[in-house]
1. How high is the FRET efficiency between E206 and D16 when r is their beta carbon distance and R₀ equals 30 Å, given to the nearest 0.05?
2. Need the list of lysines near K50 for cross-linking: C-alpha distance under 21 angstrom, and skip anything on the same chain fewer than eight residues off.
3. Mind jotting down the distance between the C-alpha centroids of the range 216-251 and the range 254-319, whole Å?
4. In whole angstrom, and with the biggest value first, how far do the Cα coordinates of the chain range along each principal axis?
5. Quick one: net charge of Y73's neighbours, Cβ under 10 Å, K/R +1, D/E -1?
6. Using just the helices of the chain, give the 222 nm mean residue ellipticity in deg cm²/dmol: DSSP H runs with n ≥ 4 each add -39,500 (n - 2.57), and the total is spread over all residues, rounded to 500.
7. For D8 and H257, what is the calculated FRET efficiency with R₀ set at 41 Å and r taken between the beta-carbons, to the nearest 0.05?
8. Cα centroids of the range 59-136 and the range 194-211: how far apart, whole angstrom?
Amino acid sequence: MGEQPTADRHAIITKDLTKKFGDFTAVDHVTFSVRRGEIFGFLGPNGAGKTTTIRMLLGLLRPTEGTAWVLGYDIRGDVRAMRERIGYMSQRFTLYRDLTVDENLNFYGQAYGVRGERLRRRKAEIVQMAGLVGRERELTKNLAGGWRQRLALGCAMVHEPELLFLDEPTAGMDPVSRRAFWDLLYELAEGGTTIFVTTHYMDEAEHCHRLAFIYAGRIVALGSPQEIKETVMQGQVLEIDCDQPDRALQLLRTTGHFDEVALYGALIHVVAPEVDRYRGEIQALLSGEGITVHSMDVIAPSLEDVFISSVRQQEQRAG
C-alpha cells in the first residue's frame, strides 16, 4: 500500500472530485495526491477534464461532488489565503504584449503584493532564470515564443509560491524551447517548489516524478512513469520497421488479431498478449503484399502505448 496522503507531506489531495455541467460530467470522481516538491504530470487529450480540474483546485469552480485540499486548505472554503501561496500559468498567453519584460514583472509583482526591495530582488532572479538579462526593456511582443513562456513562468512565480499550476505551458513551443523550459522546472522542483503540470505531450510525461492519465473525466492510470509502464500495460509491443508503413498499418488493422496497431513516426507498434507469436503471420502478410520488413522487435512500451491501452481498458469497462 502507498503512503496515506496527509497535508504535511502532500501539496494536493483530492477525493472523489467531480464537476458536472448540466448532464455533462467533465470531471468524474477523481482521486489523487501530489507530494510536496515533486513534478506531477496530469496527462490527457483535449477535453479530458484537465483544465476543469485545475480550475476547481484553484477555487475558481466549485465541485459538484467531492473535494480537495491544496496546501492544507479545503477548496470549498475561503481560498484567499491559499491563493497567496500558489502560482498559475494558464493555457492562454497572459502577458501584456505592449509592455516590456520589466513592466510585466512590475505589474504581476504588484498584483501579488510584492514591492520594494523584494520585487527588485525577484525581478533580477527571474530575468536571470529566464535568460533575459539585457532584454529587460524589450517589448514582450518582440520576444520569441519560448522566451515569452519563460517570462510568463517568471510572472506566475514572482511571489515565490510553494505550488505552481501550469496548464499546457509548452503548447506551441519548438522542441528546443520545450527542453529548456523543462530544465527550468527541474531547477524549481529541486529548490522545493511543487509543480502540477498538464500536458498532452507524452514525451514530457517522462520528465515527471509521477503522473495521472485522465480520459473522459476519469483517472485511468496513476503512478511514476516506470510504475505505469509495468502495471497498467496489457499485452506486449512489437515494433515493426518496414518500407511502406502506411500500407502495412492498414493491412495489420484488418486482421482483427491485435489490441492496437498504431504508427509511431515511420515505425509501427502492434500490441497483443504474447505478440511475439504473430511474427511469422505478420511477415507473411506484409511480404505477400510486396512490403519489405527490415526488422521486428518486442520492445518496452512507451507511455503513449500505455495511455492507449489504459483508455481501451476504460472503454471496455464502460461498455
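Where a number appears in this text, it was derived from the coordinates with a stated rule and is not lab data. Small disclaimer: the values here were computed from a predicted structure and weren't measured. All Cβ positions, even for glycine, are placed from backbone atoms using ideal geometry, and neighbour counts span all protein chains on display.
1. Details: r = 29 Å, r/R0 = 0.97.
Once the sixth-power term is evaluated, E becomes 0.55.
2. Result set, ordered by chain and number: K15, K19, K20.
3. Cα centroid of the range 254-319 versus Cα centroid of the range 216-251: 8 Å apart.
4. 75, 46, 36
5. Numbers: positive: R76, R80, R83, R85; negative: D74, D78.
Taking every Cβ under 10 Å from that of Y73, the sum is +2.
6. My calculation for the chain gives -10500 deg cm²/dmol from helical runs alone.
7. Working from the Cβ atoms, E equals 0.20.
8. Taking the Cα centre of each part, the range 59-136 and the range 194-211 sit 20 Å apart.
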